[in-house]
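*Asks:* This structure is in structure tokens; I'll ask about it shortly.
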Amino acid sequence: MMAKTLESELFRRRFDDGVLDLIAGLAIFGIGMGWIFGQVIFAAILPTLLWPFWSVIHKSVVVPRLGDVEFSDTRKAKISAAHIGLLVLGAVSCAFGVLAFALVEGWIESIREVTVPLVLLVPSLVMAVAAIVGYLMIGALRMLVYALVFIASGAVFQLVLPYDPAHSLAVGGAVPMVAGAVMLIRFLRAHPVARGD
């Protein structure tokens, strides 16, 4: 039991540098901004372009300061299951994004008035679910805060700017992006690279 608790704590701390928050937040913020400025293709591919940077930054910034940990097979299985869940969630999010864009642009006019208000809440709700999956995966309570931010921004912007989910994604993504940047700065200050003699 003690070993499992220690491993869970080590796993959670592996993400306390803020890089994951920064990359994910930047990707979601970029989706919202791309949608706002009509760069739908850019918004669609941005998460794919940014995701590899987490591994690169983790290996080049975090590992030299804290070292690396070999986790148990059980933990690795949980990580794999979470990755699969996030991939499925991403595919669903992409499908709803295409549907929402088609509805907003009037490509499916017959059901636009009924479905658009509900469909345009989906992007923020999908991001909220992703944040909850993040919490279940790494145990960081800040992920639940991000989920609440996405739910709140989706609801508020649906009332203020109906037919336009982009702003709720931009605001929702800005929160983990800024939080991740602050965490990363604090991490770098608290853990300078040890210099050899």
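The values are calculated or read from the model by the stated rules, or taken from the named source; none is laboratory data. Here the structure is a predicted model, which means the values were calculated and not measured. A quick note on method: Cβ atoms are made from the backbone with ideal geometry, for glycine too, and the neighbour counts reach across all protein chains shown.
*Asks:* Taking segment 54-74, which residues are among the small types (Gly, Ala, Ser) and modelled with pLDDT under 75? Even if it seems obvious, please write down each step before you answer.
*Replies:* The initial filter retains those residues of segment 54-74 that are among the small types (Gly, Ala, Ser), namely 55, 60, 67, 72.
Correct list: Gly67, Ser72.
*Asks:* For Ser153, state whether it is touching a residue at least 60 places away in the same chain (Cβ under 8 Å) and buried (at least 22 other Cβ atoms within 10 Å of the Cβ).
*Replies:* Values: touching a residue at least 60 places away in the same chain (Cβ under 8 Å): no; buried (at least 22 other Cβ atoms within 10 Å of the Cβ): yes.
No.
*Asks:* If you go through segment 35-53 one residue at a time, how many are farther than 16 Å from Pro123 by Cβ, part of a helix (DSSP H, G or I), modelled with pLDDT of 80 or more and not aliphatic (A, V, I, L, M)?
*Replies:* 2
*Asks:* Pairs under 9 Å by beta carbon, first residue within 16 Å of Gly173 (Cα to Cα) in segment 44-72, partner β-branched (Val, Ile, Thr) and modelled with pLDDT under 80, six or more apart or different chains?
*Replies:* Listed pairs, sorted by first residue: Ala44/Val98.
*Asks:* Quick one: Phe157 ticks every box in (1) closer than 20 Å to Gln39 by Cβ; (2) modelled with pLDDT of 65 or more; (3) of a type outside the set (Val, Ile, Thr); (4) more than 23 Å from the chain's Cα centre (by Cα) bar one, so which box is it?
*Replies:* (4)
*Asks:* Being surrounded by 20 or more Cβ atoms within 10 Å (Cβ to Cβ) and within 26 Å of Val40 (Cα to Cα), is that true of even one residue in segment 178-194?
*Replies:* Checked against the condition, which is being surrounded by 20 or more Cβ atoms within 10 Å (Cβ to Cβ) and within 26 Å of Val40 (Cα to Cα), segment 178-194 yields at least one hit.
*Asks:* Quick check on Val56: is it surrounded by fewer than 14 Cβ atoms within 10 Å (Cβ to Cβ) and part of a helix (DSSP H, G or I)? If you could, list the steps in order and put the result at the bottom.
*Replies:* Values: surrounded by fewer than 14 Cβ atoms within 10 Å (Cβ to Cβ): yes; part of a helix (DSSP H, G or I): yes.
When the stated conditions are applied, Val56 passes them.
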